[in-house]
Each structure stands twice: as structure tokens, then as C-alpha cells.
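One structure below.
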Amino acid sequence: MKINTELFLDILRKGTFNYSIDTIKIVFNSKKYSVRMRSNDGLVLLSGNNDIISGISETDEIEMNFSDVLRSVKTYFSLITPDENGEVDIIISDEKITLVSDKEKADIYFCVPAIVDSYSNSDPGTKGVITYESKIDDGFMDNFMDIYSSIKKVGSSFGKIYLTIEDGMFYIECTDKTNPASNGIKVLIGNSEYNGNITVCFSFKSINNMIELIKQNYLDFVFSMDYIEENKACKISMICDIDHVEKYFILNMIENIA
């Protein structure tokens, strides 16, 4: 069997939400791959054609579970020199994978499946009211990415970012609403049809990880935000369903604002 190291590392980075999740479970068969992981405040759901590992029997399914992904998996893949096709030989046993190139050989052991933060439920649907939803080619993603790029240094200093809807206008804010004397900046993203005013807080790290994962092909993604008024719960989604499936979901942080 052969494995394309670049494509595998790409799945590894996306499946661990830019290496913020310490474990990963990847399932391969001869035609498809699937990753379904959860973090402290979100989900990553990936699937697509298996152009990563060739030579899998049509009747086989291979499950790979790894822990300490950044240090114990990515590092070893990065040390292996692929051939002109970007591939190396891979030997898969019950306990490990072995990567073999012309000059190197690396053993990478699986972890116990029970410690992997995999997600086995159905895809999360809309639980509340959709307060904003973009469309392909409507200009939202260009605007969102430009604004985020300009304010992310401020956002990193607070460790959080607010998404706010006021009087039909959708804003992104960098401030600390738990501190009445906090500096801040608020930038208009677009219009919203939501009939109400809301402010929800998200982890800057999670937002930034999501942006890092989508930035190469961000125009293929659709953004949405849904909100449950009763418990002030909010979920934002970035979903790509072109040629392959990438779905990223982030839940809001709860703050006590005076």
C-alpha cells in the first residue's frame, strides 16, 4: 500500500482543528475517508474520496486512532521523504503503521480508541433561529476574511471575539464586555434579517483555528450562525460541500456581563 504524506498531513491538521485536539480517529475504506472529532467547544466533520491511501481492499475498513498527534504523528510523517508522486510505502498492522521510503523507516503506534475524542452522533442541525447565513459568491466571505485579518491582533489580546446583531446590522467586536472600561473595536460585517439584538462571545483561539483551516479555499465555504434565546446558546458553522466535505462548528462561551 502507498500513502500520500501531504494529503494525510492535511487531514491530520484539519481533523484536529489545527492541532488543538490532541487525538484523532480516521476511518478509511477503498473509496472514502471520514473524520468526526469534537473539541471543548466545537466539532470537526470531514469526509471525501480516498486519494490518500491506495491499495485498500474493497471489503476492508481501516480505523486509525492516534494520540499526541502533533508530536507523535505529524513529526514522524514530516521526517519521511516521499517519492516523486508524494507517496511512501505504508504497512498497517493491528497496533501500528510503518512508513517506508528509500532512506527512512518510521513506526507510529495507534492509541487506545477509548481515549479519542471522536463524535458518533448525527450532524448537528439548527437548534435555534438562524441569525445569519451566507451564500456562495455573495461577498460575505471576502468581507469577513478581510475584517478578521485586520482585527485579529486586537482579538488575540482579549482571547475572545464577539459577534453582535443590533438593529439588523451584523458586527464583529474585539473587547472585554465583562470590563466596563475595556478598550474595543466594532466592525460592520453585513446586514441580518434577525429580529432582535444579541451579543455572543467566542474563543479567539477557536475562531482563529477555523480561519487558518479555511483560508486557502474560503470562498468554497458557507457561514451560518444560529441562536437559542432561552439559554443564550449560539453555534457558528463553516461548511464546504464542494468535491469533499469540511464542516466546522464552534459553540459560544458564556459570560456574566453586568
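Against the criterion of being within 23 Å of Gly48 (Cβ to Cβ), of a type in the set (Asp, Glu) and modelled with pLDDT under 95, Asp226 does not qualify.
Looking at segment 150-158, can you tell me whether even one residue there is surrounded by fewer than 13 Cβ atoms within 10 Å (Cβ to Cβ), out of contact with any Lys or Arg (no Cβ under 7 Å at 6 or more places or on another chain) and among the basic types (Lys, Arg)? Taking every residue of segment 150-158 in turn, at least one turns out to be surrounded by fewer than 13 Cβ atoms within 10 Å (Cβ to Cβ), out of contact with any Lys or Arg (no Cβ under 7 Å at 6 or more places or on another chain) and among the basic types (Lys, Arg). If the condition is being under 16 Å from the mean Cα position of the chain (by Cα), basic (Lys, Arg) and within 21 Å of Glu133 (Cβ to Cβ), then segment 201-258 contributes Lys215, Lys235, Lys247. Taking strands (runs of 3 or more DSSP E) as the structural unit, those lying wholly within segment 1-64 and holding at least 1 residues that are aromatic (Phe, Trp, Tyr) correspond to 24-29, 32-38. Filter segment 61-85 for residues that are of a type in the set (Gly, Ala, Ser) and exposed (fewer than 13 other Cβ atoms within 10 Å of the Cβ) and give the result. Hit for segment 61-85 is Ser78, nothing else.
Filter segment 29-44 down to the residues that are more than 24 Å from Met253 (Cβ to Cβ) and surrounded by 21 or more Cβ atoms within 10 Å (Cβ to Cβ) and list them by number.
To start, the set of residues in segment 29-44 that are more than 24 Å from Met253 (Cβ to Cβ) comprises 29-35.
Passing the criteria: Tyr33, Val35.
Pairing residues of segment 85-105 that are at positive phi with residues that are among the hydroxyl-bearing types (Ser, Thr, Tyr), at Cβ distances under 9 Å and at least 6 apart in sequence or on separate chains, gives Gly86/Thr5. Where residues in segment 45-60 are among the polar types (S, T, N, Q) and over 17 Å from the mean Cα position of the chain (by Cα), which of them is surrounded by the most Cβ atoms within 10 Å (Cβ to Cβ)? If we take residues in segment 45-60 being among the polar types (S, T, N, Q) and over 17 Å from the mean Cα position of the chain (by Cα), then Asn50 is surrounded by the most Cβ atoms within 10 Å (Cβ to Cβ).
Looking across Asn209, Asn217, Asn179, one residue alone is in a loop (DSSP other than H, G, I, E, B) and of a type in the set (S, T, N, Q). It is Asn179. The listed residues are Glu229, Glu212, Glu193, and the only one of them that is in the same structural domain as Met141 (by TED's automatic domain parsing) and closer than 16 Å to Leu43 by Cα turns out to be Glu212.
Selection of segment 155-176 for residues being farther than 20 Å from Asn209 by Cβ, of a type outside the set (Gly, Ala, Ser) and outside any strand (DSSP E or B) yields Asp167, Thr175, Asp176.
From the list Asp142, Asp102, pick out the single residue that is charged (D, E, K, R) and in the same structural domain as Lys74 (by TED's automatic domain parsing). Before the answer, list the steps.
Working: Asp142 fails: in the same structural domain as Lys74 (by TED's automatic domain parsing).
Testing whether each residue is charged (D, E, K, R) and in the same structural domain as Lys74 (by TED's automatic domain parsing) leaves just Asp102.
Checking each residue in segment 135-178 for being of a type in the set (Ser, Thr, Tyr) and within 19 Å of Met238 (Cα to Cα) picks out Tyr148, Ser149, Tyr162, Thr164, Tyr171.
Please verify whether Ser120 is out of contact with any Cys (no Cβ under 7 Å at 6 or more places or on another chain) and not assigned by TED's automatic domain parsing to the domain that holds Ile228, treating the condition exactly as stated. So Ser120 passes the test. When every residue of segment 191-210 is checked against the conditions, none turns out to be surrounded by fewer than 14 Cβ atoms within 10 Å (Cβ to Cβ), under 26 Å from Leu12 (Cα atoms) and either of a type outside the set (D, E, K, R) or in contact with a Leu (Cβ under 9 Å, 6 or more places away or on another chain) (or both). Picking from residues in segment 134-145 that are of a type outside the set (Gly, Ala, Ser) and loosely packed, with under 12 Cβ neighbours inside 10 Å, the one that is modelled with the highest pLDDT is Lys135.
The values are calculated or read from the model by the stated rules, or taken from the named source; none is laboratory data. What you see is a predicted model; the values in this text were computed from it and never measured. Cβ atoms come from the backbone with ideal geometry, glycine included; neighbour counts cover every protein chain shown.
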